[in-house]
Amino acid sequence: MKSKNLLQGHSVYATEEGREKLLKILQFYDFIAERESRSSLPIEDPQAIAVAEVLEQLGRGVPPQYILGRAFFMGNTFYCTSDTLIPRPETSLLVKTAYEYLERNKSNGSRGQTVIEIGTGCGNIAVSLAMLCGEDVRILASDISEAAVEVARRNVQKYQADGKVSLFCGDLYEPFGEHRGAADMVLCNPPYIPTTSLKKMAREIIDHEPVVALDGGPFGLGIFRRLLNGAPAFLKRGGALMFEIGERQERLIERLFATRDSFKNIKYFTLEGRVRVVSAERI
């Protein structure tokens, strides 16, 4: 079937929740394209033009999420553009782990908790966490890209999370100066791909997704160092730093923590047998 062939080369996205919907859309495009060839449909026909544009983008390796302008994450649909990283299913572990931590705090009497999220992208983490936590958690989310913040704003408005999620533009902790020592959690899905590994990635990723959201510098640790260095100034005592890591990066992260004396209770959370989320509490 043509639609299945079109999806080949985009296997990195094939496990996402929207795959079936995407497949149906592409099957529809196939049907229209075949009808065009049978009936000599004029090239000016809007449907024919739409089909040609979609097929041309797929041929260039443009991810289906960018073509559709949306991506699926934790059962919801988020606006998504080439200014933002495409949400991955594995990031749901970060959201669920953060939610469970905040719920434990709540059951222990903590109220009105504040979360700082760094590198929000399209806002899928902040919005998903806000929907899980309800009114008791305030999320301050930032991104270095103004364009990404605007996409996140659309998603915040779409899910009516304006009262729970506040958006900022700036580099890492820069926008949060007035919140020093006030955060119950610092949350981040940072760029963690080693610079030297970028050229080995699938072309649909490296040619189309924002490099700033992928490139973690030497060994993929550039942002991790800055996260760990800055977190103690913004976390309450006992507050949690929580972040996603790449596959097989846990040993490198262990070494980063070993050279710092501001954290305790370092924990590693696995997905399908691989460590993908790390948390630590401020001393």
Is there any pair linking a residue in the stretch 206-218 that is part of a loop (DSSP other than H, G, I, E, B) to one that is charged (D, E, K, R) and surrounded by fewer than 16 Cβ atoms within 10 Å (Cβ to Cβ), with Cβ under 9 Å and at least six apart or on different chains, and which? ASP207/ARG60; HIS208/ARG60; GLY217/ARG225
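If I ask for residues that are under 16 Å from GLY239 (Cβ atoms) and either of a type outside the set (A, V, I, L, M) or not in a strand (DSSP E or B) (or both), which ones from the stretch 262-283 would you list?
Passing the criteria: SER262, PHE263, LYS264, ASN265, LYS267, SER279, GLU281, ARG282, ILE283.
Take the conditions in the same structural domain as GLY238 (by TED's automatic domain parsing) and under 23 Å from VAL212 (Cα atoms) and apply them to LEU102. Does it pass?
When the stated conditions are applied, LEU102 does not pass them.
The values are calculated or read from the model by the stated rules, or taken from the named source; none is laboratory data. Predicted model, so just to flag it, every value in this text is computed and none were measured. Glycine gets a Cβ as well: all are built from the backbone with ideal geometry, and neighbour counts include every protein chain shown.
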